[in-house]
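Read the structure below first, then the notes.
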Amino acid sequence: MATTSARLLDLLSLLDARVSWPGQELADRLGVSTRTLRRDIDSLRELGYPVHALKGPDGGYRLGAGSKLPPLLLDDEQAIAVAVALQTAPTSVAGIDEGVARALTSITQIMPAHLRAEAEAMQLTAIRNAWEFAAPPIASSTLKAVGHAVRNSHLLRFDHLTPEGRRRHPHDPDFAPPLRVEPHHLVMWAGRWYLVAHAATGQPSTAPQGWGIYRLDRVHPHDPTGTPFQRRRPPVPNVAHYVMTSYDRGDTPARWQCLGTALMDLPPDVVARWAPGGSVVEYVTPTRTRITLGAWSWAGIAGLLATFDADITIIEPDELKSACRTLAQRYRRASEPGEDGTGSRNPQNVAR
């Protein structure tokens, strides 16, 4: 099957390269018999590619409309997957909207008619959910530079931007020289891109050491180093799990009109695993964690804290404390038995 598929791609490439081909010459180029060539031509036609037979002493073949476009072999499921993936591309990368639209147009143009109809039927409008807590979009040039370094196992040199996205000036009190790391993996989680990297040898003692996680929207890459490194075994087998359970990954609070903090009796790795994106998880002790998160209301933050089902203390600010008390009273009234003793809600007990 793999050999046949590869041969079909070669056949489409040859048909695209010239206006027409004599049958025998085409078979010779592919290294098959004329009988096998006819079967391959029939296979292309079944896939929807218009291959026309030419009359004459030797016969021949010509690719119909779209012969100047590169060949593409996609089944129905693949065509739908491509259309959906492009239309729901992450909004966390800046400046790719036009490229996504052009890519979708280009791909649908080279699909056979019935697959093009399938793809065009999947017209979607992707709307961002407010609870995605996405980070500021990163520049496509940053994603390209970091991805290139990861793919080629080259050292990456970059400035670590401030949470506001500003490059630190040498006169800033918290200025640090550019970092040099061995970039190993790119991970996208909760609308944010993360780089998993290991500090390169020769780093100053003040620079991060060992394995680290860096928010990609805070990475400003320098020119490519071209310096190769030997890939290391990641700190845990599952890199995604490493990112999700690490509290020290450079997160900053998402911008919400309400922002609160609480001390929680849970291990930091557990809180980091289940905290919504856009929250900040801080290590206090192996069994205690400080979490900062936001919402459009104080009650919303109180509700999020309740989902952890853990003891909570040192709640700030006062507005969040008040919201927690209000919710506690509301739930207590809702759980009290009604007048009939069944536990059903009595209108007189409903919070107003």
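The numbers here are math on the coordinates, done by the rules we state, and not lab data. Since this is a predicted model, take the numbers as computed values, not measurements. FYI the Cβ positions are ideal-geometry reconstructions off the backbone, even for glycines, and counts take in every protein chain you see.
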Helix 34-46: angle to the longest alpha-carbon principal axis of the chain, degrees 0 to 90, nearest 10? 40 degrees
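Looking at the chain only, what percent of DSSP beta bridges run antiparallel? Nearest 5 please.
Working: 41 of 43 bridges.
Beta bridges within the chain, antiparallel portion: roughly 95 percent.
How high is the relative contact order of region 258-335? Use alpha-carbon pairs under 8 Å, at least six apart in sequence, and give a whole percent. Can you show the working numbers first?
Working: 115 pairs, mean separation 28.0, N = 78.
Dividing the mean separation by the residue count of region 258-335 yields 36 percent.
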If you fit an axis through the alpha-carbon atoms of helix 76-87 and take the longest principal axis of the Cα set of the chain, what angle between them do you get, 0 to 90°, nearest 10? 50 degrees
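Test of understanding: given the chain, find the longest segment containing no chymotrypsin sites (Phe, Trp or Tyr not before Pro) that are in a DSSP loop and have at most 12 other Cβ atoms within 10 Å. Numbers along the way, then the final one.
Numbers: sites that count: PHE175, TRP296.
Answer - 1-174.
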Which label marks the calculated value of P(r) over Cα pairs in 20 Å bins from 0, in percent, given the options (i) 33, 60, 7; (ii) 31, 51, 14, 3, 0; (iii) 21, 38, 28, 12, 1? (iii)
On a 0 to 90° scale, report how tilted helix 140-152 is relative to the longest principal axis of the chain, with both axes built from alpha carbons and the result rounded to the nearest 10. 70 degrees
Let me check against my output: what whole-number percent is the relative contact order of region 2-63, with C-alpha pairs under 8 Å and at least 6 apart? 38 percent
Helix-only [θ]222 nm of the chain, DSSP H runs n ≥ 4, -39500 (n - 2.57) each, per residue, nearest 500: -11000 deg cm²/dmol
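Using only the Cα atoms of region 138-245, construct the convex hull and provide its projected area averaged over every direction, in square nanometres to one decimal.
Working: hull surface 28.4 nm².
Taking the Cα atoms of region 138-245, their convex hull projects to 7.1 nm² on average.
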